[in-house]
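Every number in this text was worked out from the coordinates using simple rules, so none of it is lab data. The model shown is predicted, which means the values in this text are computed figures rather than measured ones. Glycine also receives a Cβ, built like all others from the backbone with ideal geometry; neighbour counts cover every protein chain displayed.
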Amino acid sequence: MKNPSPHTEVLQRIISEHREMPGALLPILHAIQHAAGCIPAEAVPLIAEALNLSRAEVHGVISYYPDFRQQPGGRHVVRICCAEACQAVGAEALGRHARAALDCGFKQTTADMAFSLEPVYCLGQCAVGPAVMIDDKLHARVTPEGLDILLGKAREAQ
């Protein structure tokens, strides 16, 4: 018999803490991702069994919401607004620059695990776009040069 992963105990604790909540699936997924950095594959059958759902239902929710990761992300998350207001002031060019500067695409992580690059569809900064969020800090009117500076500061903070 296969030995359980060291994460199994943590996963089971999180599931048991949240399973009686109304609409428990999303709080469980958020708590697991917060604790593990992603939703590991081994969590899906545990969640499904605890909530009397199919594995497909759990996986469907994980894959539907873009904030849930199935693989570990970077130490920093760079979110670039791709909504229309930001597109009108240069977000597409900023996204191209970010992909080149980080050498990874949207919804990917850099090879050194320093950054994950994510598209978002509104950061609520429509009047001051293009908007970028690095980790939990918003930045407005970001230019490609400004993004390079922000990425450099994030690298230094590692």
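Report the calculated FRET efficiency for His34 and Ala93 (r = Cβ-Cβ distance, R0 = 25 Å), to the nearest 0.05. Walk me through the numbers before you get to the answer.
Details: r = 33 Å, r/R0 = 1.33.
After rounding, the FRET efficiency stands at 0.15.
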Exercise for the section: Would you compute, from DSSP H runs of 4+ residues alone, the mean residue ellipticity of the chain at 222 nm, taking -39500 (n - 2.57) per run and dividing by the full residue count, rounded to the nearest 500? Expected result: -13500 deg cm²/dmol
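According to the Kirkwood expression over distinct Cα-Cα pairs, how big is the hydrodynamic radius of region 12-126, in Å? Present the calculation step by step, with values, prior to reporting the outcome.
Details: mean 1/r = 0.0641 Å⁻¹.
About 15.6 Å for region 12-126.
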Fill in the blank from the handout: Rg/Rh over Cα atoms for region 63-109, Kirkwood Rh, comes to 1.00
Problem - Val128-Gln12 pseudo-label distance in nm [points 7 Å out on the Cα-to-Cβ vector] - result: 4.9
Problem - Label-point separation in nm, Lys153 to Leu51, each point 7 Å along Cα→Cβ - result: 3.7
Problem - Overall dimensions of region 67-158 by Cα: Rg and Dmax, Å - result: 12.0, 34
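So if a site counts as exposed when it's one of the trypsin sites (Lys or Arg not before Pro), its DSSP state isn't H, G, I, E or B, and it has at most 12 other Cβ atoms within 10 Å, what's the longest stretch of the chain without one? It would help to have the intermediate numbers written out before the result.
Numbers: sites that count: Lys2, Lys107.
Longest stretch, sites excluded: 3-106.
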